[in-house]
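Notes to accompany the following structure.
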Amino acid sequence: MKKLSPVNVAIIIIIFCVTTAVTSPAQSTFATLANFDSTNGANPEFPMSLVQGTDGNFYGTTELGGAIGSYGSVFKLAPSLTTLYSFCAQSECTDGEYPLGGLVQATDGNFYGTTQQGGANGNYGTVFQITTGGTLTTLYSFCAQTDCTDGSYPFAGLVQGTDGNFYGTTQQGGANGAGTVFKVSSTGALTTLYSFCAQTDCTDGDAPYAGLAQGGDGNFYGTTQGGGANDSGTVFKITSAGALTTLYSFCTQALCSDGSSPLGGLIQGANGDLYGTTQGGGANGSYGTVFQITKAGALTTLYSFCAQSGCTDGESPLATLTQATDGNFYGTTSEGGGSNACINGCGTLFKVTAAGQLTTLHSFAVADGYDPSGGLMQATNGILYGTTYGGGTDPLYGTVFSLSAGLGSFVETRPTSGLVGATVTILGTNLTGTTKVSFNGTAAKFTVVSRSEITATVPKGATSGKVQVTTPKKMLNSNAIFRVNP
């Protein structure tokens, strides 16, 4: 990952003193919510995106900083910033260091994540569990097997599958040294599902930086930064049993106009297709793209960055997109934008429609942050939240920000599928006084746990569709379809 040289840092600090944030379009309102200062964490990095807990607070990780040293932290924003855990609290960092990938809240209420380095077997990374109170348990230390055939250096976070296990990737290690896909239980039992570069010239992919997304078909989808037929990265599908299919190899088109080197992960859109970004390539040079790909592997480039003079529309998108409740996709670029406060631009926030029309919502300018390389998260109040690697009160350490784009509130189900009779957690805002919960129109039994959480039972006769929650003020729909398993 790119890091600022001392010269660039000095330039940014000088400009920071005389610059102000670039204003956003009239329909968007940007706000800085918190500033990192090293002791409370520093430099929230790609591929981390915030996650909203069932308590309504936001949780995340920083690559560096913390109370112990520059080994990273887990933090909570509620609404002030609190450090829940500082890594390398154990001798020789056996608890891990450099948690880049962020967190996922599991159905048991705990958070799970990875550290890129540290662990009991040297410096190869870990899988950990942490409670909302900050108690951390190391579940697995990578390179437990000879030659790290179990994987090493997990860059991204985890996703909890519908089977209750967690799935992720390692950037290196595995049987061929080119990274892995793995499954790990909540008790730390790890299974290596696939080792990349199993095919000649790594045509199956090499070095996955991003995590996985589970599709509605039960399979997992992801990207590799390298490898593929043109050594410019791939999109792949893998079953829970480890059968991998390469869906697309980038740089298939002349001058890589279809994109190259996808670092971010994929999301499944409401239409069933997958969406993502590439760091390089595109029709305007090596500035990156937004793409759509079917589960059969047909790829469409929706947008090529640096389509505007000076790359004011952004360049080098690193993170995974999010599809908001308006159906549009929202994301970040780590460079570019309308500010000259950084040599290559300080980065942007953007919206892109399913037809590929892009709107720049905010250009960073150091005072409000720079290098927003992580992804955006839409909270149940409709507002988008994210982090910047640097900038803010101290230009070296980064920020947490919000972007209000006029989107309405909603509810979110965890998990997003289940059998009739299963208990489902419904996350929302101002849920006190709820009078009705239904699954695609079928009324369900429910309990209001708090103003941000409801538990409900999937009712008999329910079919797949949106979940509706009726509160004293409005009816809220889920942001995604809840699938009732047969």
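The values are calculated or read from the model by the stated rules, or taken from the named source; none is laboratory data. Here the structure is a predicted model, which means the values were calculated and not measured. Positions of Cβ are backbone-derived with ideal geometry, glycine not excepted, and every protein chain shown enters the neighbour counts.
The residue that is surrounded by the most Cβ atoms within 10 Å (Cβ to Cβ), counting only those in segment 59-79 that are under 28 Å from residue 31 (Cβ atoms) and more than 22 Å from the chain's Cα centre (by Cα), is 70.
Does residue 119 fit the bill of being more than 27 Å from residue 415 (Cβ to Cβ), of a type in the set (Gly, Ala, Ser) and assigned by TED's automatic domain parsing to the domain that holds residue 219?
Judged against the criteria, residue 119 is a match.
Residue 46 meets all of the listed conditions (1) in contact with a Phe, Trp or Tyr (Cβ under 7 Å, 6 or more places away or on another chain); (2) surrounded by 24 or more Cβ atoms within 10 Å (Cβ to Cβ) but one, namely (1). Checked against (1) assigned to a loop (DSSP other than H, G, I, E, B); (2) on the phi < 0 side of the Ramachandran plot; (3) buried (at least 24 other Cβ atoms within 10 Å of the Cβ), residue 169 passes all but a single condition, namely (1).
The combined condition, being modelled with pLDDT of 95 or more, small (Gly, Ala, Ser), crowded, with 24+ Cβ neighbours inside 10 Å and not in a loop (DSSP other than H, G, I, E, B), is not fulfilled by residue 265. So, residue 107, is that one assigned to a loop (DSSP other than H, G, I, E, B), within 20 Å of the chain's Cα centre (by Cα) and in contact (Cβ under 8 Å) with a residue 40 or more places away in the chain or not? When the stated conditions are applied, residue 107 passes them. Of the strands (runs of 3 or more DSSP E) lying entirely inside segment 272-371, those carrying at least 3 residues that are touching a residue at least 12 places away in the same chain (Cβ under 8 Å), under 23 Å from residue 159 (Cβ atoms) and in contact with a Gly (Cβ under 9 Å, 6 or more places away or on another chain) are 274-278, 289-293, 329-333. Would it be correct to say that residue 112 is in a loop (DSSP other than H, G, I, E, B), of a type in the set (Phe, Trp, Tyr), at pLDDT 95 or above and not assigned by TED's automatic domain parsing to the domain that holds residue 417? It is false that residue 112 is in a loop (DSSP other than H, G, I, E, B), of a type in the set (Phe, Trp, Tyr), at pLDDT 95 or above and not assigned by TED's automatic domain parsing to the domain that holds residue 417.
So, in segment 238-262, of the ones that are among the small types (Gly, Ala, Ser) and outside any loop (DSSP other than H, G, I, E, B), which residue ends up modelled with the lowest pLDDT?
Applying the filter and picking the extreme gives 254.
The residues in segment 27-58 that are part of a loop (DSSP other than H, G, I, E, B), of a type in the set (Gly, Ala, Ser) and touching a strand residue (DSSP E or B) at 6+ places or on another chain (Cβ under 7 Å) can be counted, and the count is 3.
Checking every residue in segment 175-196 against the condition of being at pLDDT 95 or above, surrounded by fewer than 24 Cβ atoms within 10 Å (Cβ to Cβ), touching a helix residue (DSSP H, G or I) at 6+ places or on another chain (Cβ under 9 Å) and at positive phi gives at least one match. Would you confirm, using the coordinates I've provided, whether residue 357 is on the phi < 0 side of the Ramachandran plot, at pLDDT 95 or above, crowded, with 24+ Cβ neighbours inside 10 Å and in the same structural domain as residue 257 (by TED's automatic domain parsing)? For residue 357, the condition - on the phi < 0 side of the Ramachandran plot, at pLDDT 95 or above, crowded, with 24+ Cβ neighbours inside 10 Å and in the same structural domain as residue 257 (by TED's automatic domain parsing) - is not met. Residue count for segment 441-473, restricted to those that are in a loop (DSSP other than H, G, I, E, B) and in contact (Cβ under 8 Å) with a residue 60 or more places away in the chain: 2.
Given the condition touching a helix residue (DSSP H, G or I) at 6+ places or on another chain (Cβ under 7 Å), under 22 Å from residue 197 (Cα atoms) and not hydrophobic (A, V, I, L, M, F, W, C), answer yes or no: does some residue in segment 230-245 qualify? Yes - at least one qualifying residue is present in segment 230-245.
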